[in-house]
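The values are calculated or read from the model by the stated rules, or taken from the named source; none is laboratory data. Keep in mind that what you see is a predicted model, and the values were worked out from it rather than measured. For neighbour counting, all protein chains shown are included, and Cβ atoms are generated from backbone atoms with ideal geometry for every residue, glycine included. Side chains included, ligands, DNA and RNA excluded: accessible areas come from the protein's heavy atoms. Shrake-Rupley method; radii C 1.70, N 1.55, O 1.52, S 1.80 Å.
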Amino acid sequence: MVENTVMTRAAISRRGRKLEYFTITWNTLEGLVAIVAGAIAGSISLVGFGIDSFIEVTSGAALLWRMAVDADVHDRERNEKRALRVVGLCFIGLSIYIAYESVADLLHARAPEQSIAGMILACVSLIVMPVLSRAKRKVGTELGSAAMHADAKQTEFCTYLSAILLGGLVMNSLFGLWWADPIAALIMVPIIAKEGIEGLNGKACQDFCGADSAG
């Protein structure tokens, strides 16, 4: 029975690693496209979206390591908390960057230009990210991993950022509302920061680490 449980957990961990490999590959490409397109258009929310993609690469790498060492039962909870803190730092870094650049854009009235590439990228991300987030959340539940759940939430935030990004770009393109772009980016800052603080404090781990170490 114990052997079957171990084998099942190992299979789930492999599935988790595959998801993180996909996350790292996807977000590397997504980040490059978003930052280049954002720099050309002068769009803070598009550049911020690209930086979020690279932050997700860091988060994905931390979870890839977390899945790789899952077989270490004795240090499982410690490894879980380490990965969770990395994800928390990623959230904090993203919130600080978006807040700073958005406020700067509002103060200096910097208007982004139209970005078709950014709109297309946001639409594609709106399709891919929810599917990836659900898959990660399922693995996190099966392993009792708070870190994987936090990573799934970060992927979910990428969906929200995609919607906000698309809305800001469309409003600027159709109606010339230059302030929609930085305001749209600012909407997510307190939510992202809250998740980061909880990750750093290990609050999210309280509901999952006990089950994780028991498994």
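For the reader, a short list of remarks on this structure follows.
- Lysine pairs within the chain, Cα separation less than 20 Å, 8 or more sequence positions apart or different chains: 15
- With the simple model of a label 7 Å out from the Cα in the direction of the Cβ, residue 32 to residue 58 spans 2.0 nm.
- Cβ charges +1 (Lys, Arg) and -1 (Asp, Glu), total dipole of the chain, debye: 400
- Computed [θ] at 222 nm, helices only, for the chain once each DSSP H run of length n ≥ 4 contributes -39500 (n - 2.57): -30000 deg cm²/dmol
- When the solvent-accessible area of the range 79-180 is split by element, carbon and sulfur atoms take up 68 percent of it, the probe being 1.4 Å.
- Residue 69 versus residue 170: modelled label distance in nm, points set 7 Å from Cα along the beta carbon direction: 4.4
- Residues of the chain: accessible area per residue with a 1.4 Å probe, Å²: 47
- Using C-alpha pairs under 8 Å with a sequence gap of at least 6, the mean separation divided by the residue count of the range 76-162 gives a relative contact order of 37 percent.
- Residue 91 contributes an accessible area of around 10 Å² to the protein surface, as traced by a 1.4 Å probe with all chains present.
- Averaging the sequence gap over all C-alpha pairs within less than 8 Å and six or more residues apart, then dividing by the number of residues, gives the chain a relative contact order of 28 percent.
- Legend: residues 49, 54, sorted from most to least accessible area (1.4 Å probe; ligands, DNA and RNA excluded), read 54, 49.
- Only one residue of 128, 115, 179 has its Cα farthest out toward the positive end of the dipole of the chain, where Lys and Arg carry +1 and Asp and Glu -1 on Cβ, and that residue is 128.
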